[in-house]
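The values are calculated or read from the model by the stated rules, or taken from the named source; none is laboratory data. This structure is a prediction, so every number in the text was calculated from the model and none was measured. Cβ atoms come from the backbone with ideal geometry, glycine included; neighbour counts cover every protein chain shown. Accessible surface is based on the protein model in full, side chains and every heavy atom, while ligands, DNA and RNA are left aside. Shrake-Rupley method; radii C 1.70, N 1.55, O 1.52, S 1.80 Å.
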Amino acid sequence: MYEPKTKETDESVVEFIEKVESPKKRDDAYRLLQLFTEATGHEAKMWGPSIIGFGAYHYVYKTGHEGDAPLVGFSPRKAKISLYFAPGDTAREELLAKFGKHTTGKACVYINKVDDIDIDVLKELILQSILFLQSQYPEK
């Protein structure tokens with residue numbers, strides 16, 4: 001049976017952030033921690049070894065594959081900071097147009113630093129992502 005690598009752990013978010021080598025990325029991680037906590041109302045939890053997630057939802061794909069994932073999250077990676085939002089949310093594109101300097105992947109948005117983005121748009125992206133996921137995967 002498939003065992004997901006990215007699942008909630010009991011590891012300390014602060015201890016993880018303190019291990020970030022770059023002082024600027026570490027500062028940005030603390031800023032994001034505060035912003036995501038305020039926007040979501042959820043306590044930060046470690047998901048796997050390197051993702052700081054907020055809230056959770058249970059997904060079930062048409063293939064039968066299912067699991068749990070954070071509603072939103074981020075990871076201060078060496079190259080860029082990864083921001084995790086809902087995959088498949090088409091409303092995200094409109095917000096990203098006013099977000100600031102970034103690149104995108106399937107569910108990730110990558111930034112170099114927090115100063116490159118519009119914080120208000122980040123908060124909108126967080127809330128939009130949560131609303132989208134809750135509409136797709138309602139709690140039972």
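For segment 48-65, give me each residue that is under 18 Å from Gln134 (Cβ atoms) and touching a Ser or Thr at 6+ places or on another chain (Cβ under 6 Å). Outline the logic, then answer.
As a first pass, look at segment 48-65 and keep what is under 18 Å from Gln134 (Cβ atoms): 53-61.
Those that are under 18 Å from Gln134 (Cβ atoms) and touching a Ser or Thr at 6+ places or on another chain (Cβ under 6 Å): Phe54, Gly55.
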Among (1) open to solvent by 30 Å² or more (accessible area, probe 1.4 Å); (2) under 23 Å from Thr9 (Cβ atoms); (3) touching a residue at least 24 places away in the same chain (Cβ under 8 Å), the one test that Tyr110 misses: (2)
Test: residue in segment 66-81 that is without any contact (Cβ under 8 Å) to a residue 40 or more places away in the chain, hydroxyl-bearing (Ser, Thr, Tyr) and open to solvent by 20 Å² or more (accessible area, probe 1.4 Å): no
Test: residue in segment 1-9 that is exposed (fewer than 12 other Cβ atoms within 10 Å of the Cβ), at pLDDT 95 or above, of a type in the set (Lys, Arg) and part of a loop (DSSP other than H, G, I, E, B): no
Looking only at segment 40-52, and only at residues there that are farther than 15 Å from Val14 by Cβ and of a type in the set (Gly, Ala, Ser), the one that is most open to solvent (accessible area, probe 1.4 Å): Gly41
Given (1) hydrophobic (A, V, I, L, M, F, W, C); (2) buried (at least 20 other Cβ atoms within 10 Å of the Cβ); (3) over 14 Å from the mean Cα position of the chain (by Cα), index of the condition Ile17 fails: (2)
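Which one of Tyr61, Tyr30 is in contact (Cβ under 8 Å) with a residue 12 or more places away in the chain, at negative phi and open to solvent by 40 Å² or more (accessible area, probe 1.4 Å)?
Tyr30
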